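**Student:** Would you mind keeping the following structure in view while I ask a few things?
The values are calculated or read from the model by the stated rules, or taken from the named source; none is laboratory data. Fair warning: this is a prediction, and the values are worked out from it, not measured in the lab. When we count neighbours, we look across all protein chains shown, and the Cβ atoms used for this are built from the backbone with ideal geometry, even at glycine.
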């Protein structure tokens, strides 16, 4: 035990030297500017295709950042010890939800290309009329503002309290963060569920599933933990967090990846099985479209790649305790999350089969490069781990 305690970091913490990565930051900034300019052009040249491509990119990165925010509030709500040393990176990624709030504006501007229910006047379709109390633009806008404001304010509060604790180690900040997290948990569930319904499920206003919100959550939680593994490993490769994040932490993160691989499959199968068994046309149309022509191949790739392959690999303890091999699995899970969002969004536009567009790639690059650039600006401002958290020593000496 004394040997482990000798590796404890100094009180001043460990800071990211942004000067070492000026080139990468500049490159990401330049890519972001060029890609965003191309996106503006795409919005005028081919607004219908571009709107779906942008929603796909937004949904993918939103689930990653919202998932990191979820792990932050779970950390505080459960008073976890092991995750203290990785929590700062969860906070840094979580605050990117503020950037995504700005990137939601194109969805509002292009809403008529995405949501056909906004253009159908009352009295023309009984199915839609029965949902008018919920599916109308004014409430859609109000809900979007509420959702995004919650994610923005809560993620900023948690990070601000955490950073302030670095200065004086006041344990009151731990209590405040716990209180914010307790309040945030039910709001997170509601906001993630109904944002999924509003922004994704309403692409086809005739379809509905009571399990859709949980399905989105399962993918977000598993892929965000995988993203954390990638970020932590990248920092360790750059020479940071040595002796702070250990193989024990990787083992725990790998187990969470495994747990949510199983949970994602359970929810996905449960949703599919119940809809297949009931065989109600309003419900089956979602899967009929995704089982058509070339969409079927991608659906099978998602099922096999996201569950069967990942499940078999993560069963091995050696994989979860080997950072480089776990990173390969983590990257694969993030890629499968991207495919999942693609299969949710794009079939609403191309119902007869896959139609790959250059705007799919451009939008992914635009949103991803923008978030990467901001992340590199956020990281150097604080220590790479919460240096005066009361549970830091327990986290450094975690054994599972």
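**Student:** What single numbered condition from (1) over 21 Å from the mean Cα position of the chain (by Cα); (2) at pLDDT 95 or above fails to hold for residue 361?
**Tutor:** Just one mismatch for residue 361, condition (1).
**Student:** Can you pull out the residues in the range 66-83 that are under 16 Å from the mean Cα position of the chain (by Cα) and either closer than 20 Å to residue 246 by Cβ or surrounded by 24 or more Cβ atoms within 10 Å (Cβ to Cβ) (or both)? Spell out the reasoning first.
**Tutor:** Restricting attention to the range 66-83, the residues satisfying the condition of being under 16 Å from the mean Cα position of the chain (by Cα) are 66-74.
Within the range 66-83, 66, 67, 68, 69, 71, 72, 73 meet the criteria.
**Student:** Which condition from (1) surrounded by fewer than 12 Cβ atoms within 10 Å (Cβ to Cβ); (2) modelled with pLDDT of 95 or more; (3) within 24 Å of residue 89 (Cα to Cα) is the one that residue 10 breaks?
**Tutor:** Only one criterion in (1) surrounded by fewer than 12 Cβ atoms within 10 Å (Cβ to Cβ); (2) modelled with pLDDT of 95 or more; (3) within 24 Å of residue 89 (Cα to Cα) is unmet by residue 10, namely (2).
**Student:** Taking into account only those residues within the range 237-282 that are in a loop (DSSP other than H, G, I, E, B) and either crowded, with 18+ Cβ neighbours inside 10 Å or on the phi < 0 side of the Ramachandran plot (or both), which is farthest from the chain's Cα centre (by Cα)?
**Tutor:** Step one: list which residues in the range 237-282 are in a loop (DSSP other than H, G, I, E, B), which gives 238-246, 279-280.
If we keep only those that are either crowded, with 18+ Cβ neighbours inside 10 Å or on the phi < 0 side of the Ramachandran plot (or both) as well, we get 238, 240-242, 244-246, 280.
On the way: 238: 24, 240: 24, 241: 23, 242: 26, 244: 25, 245: 22, 246: 24, 280: 31 Å.
Here the answer is 280.
**Student:** Please work out if residue 31 is assigned to a helix (DSSP H, G or I), closer than 22 Å to residue 334 by Cα and more than 21 Å from the chain's Cα centre (by Cα).
**Tutor:** Numbers: assigned to a helix (DSSP H, G or I): yes; closer than 22 Å to residue 334 by Cα: yes; more than 21 Å from the chain's Cα centre (by Cα): yes.
In short, yes.
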